[in-house]
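The values are calculated or read from the model by the stated rules, or taken from the named source; none is laboratory data. Predicted model, so just to flag it, every value in this text is computed and none were measured. Please note: Cβ atoms are built from the backbone with ideal geometry, for glycine as well, and neighbour counts cover all protein chains shown. Keep in mind that these areas ignore ligands, DNA and RNA; they rest on the heavy atoms of the full protein, side chains included. Shrake-Rupley method; radii C 1.70, N 1.55, O 1.52, S 1.80 Å.
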Amino acid sequence: MLLPEIDEKATINNVRRFFENEVDRIARVAQEDLSGLKSPMMSDMPKSASNGNHVEERLTKQLQARVMFDQIKFALSCINYPYRQILEARYVDGMSWLDLGNRFKYSPRQLMRKRDLAFLYFADTFETVHDFHIYGD
């Protein structure tokens, strides 16, 4: 086998937790709007400098978050329709699952399966930055 087998369920859970718990914070620290994840353009330096103690540490943290934000944006841009759009609509636009199902004309079961595939595709495209995969025996 060319690539090791992954535990899909555990990998999906890792990516889901990342989108639900970390992406929004990365955007805030980077001083970026989540809607910026829809465009695969790279950002430059931080938009504004902070004042006070530890300016260099804060700027470094902000710059690291902006780099991560750009890496998330690029990984999303590598995912095909409808998988990327499902992730963007849910985690960038904040659409409910019911609204997503209506928008894409999927049953709840179809939508969850496509969401899970989108998480797996994101794990693959983001692997060079952080490996969300959990590998099977």
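Descriptive notes on the structure:
- Annotation: amide H of Tyr106 has no partner in the under-5 Å range at sequence separation 5 or more or interchain, hydrogens built in the peptide plane.
- Residues of the stretch 1-28 with amide N under 11 Å of a point placed 7 Å along Cα→Cβ from Ile134: 7-15
- Residues whose amide H lies under 5 Å from that of Ile6, counting only those 5 or more places away or on a different chain, are Gly136; hydrogens are built 1.01 Å from N in the peptide plane.
- Mean Cβ count within 10 Å, highest first, over the residues of peptides 110-116, 4-10: 110-116, 4-10
- Within-11-Å neighbourhood charge of Asp99 [Cβ basis; K, R +1; D, E -1]: +1
- Split the accessible area of the chain by element, probe 1.4 Å, and carbon with sulfur accounts for 51%.
- Acute angle (nearest 10 degrees) that the helix 108-125 long axis makes with the longest principal axis of the chain, alpha-carbon atoms: 50 degrees
- Coordinate range of the alpha-carbon atoms in the chain per principal axis, descending: 51, 39, 23 Å.
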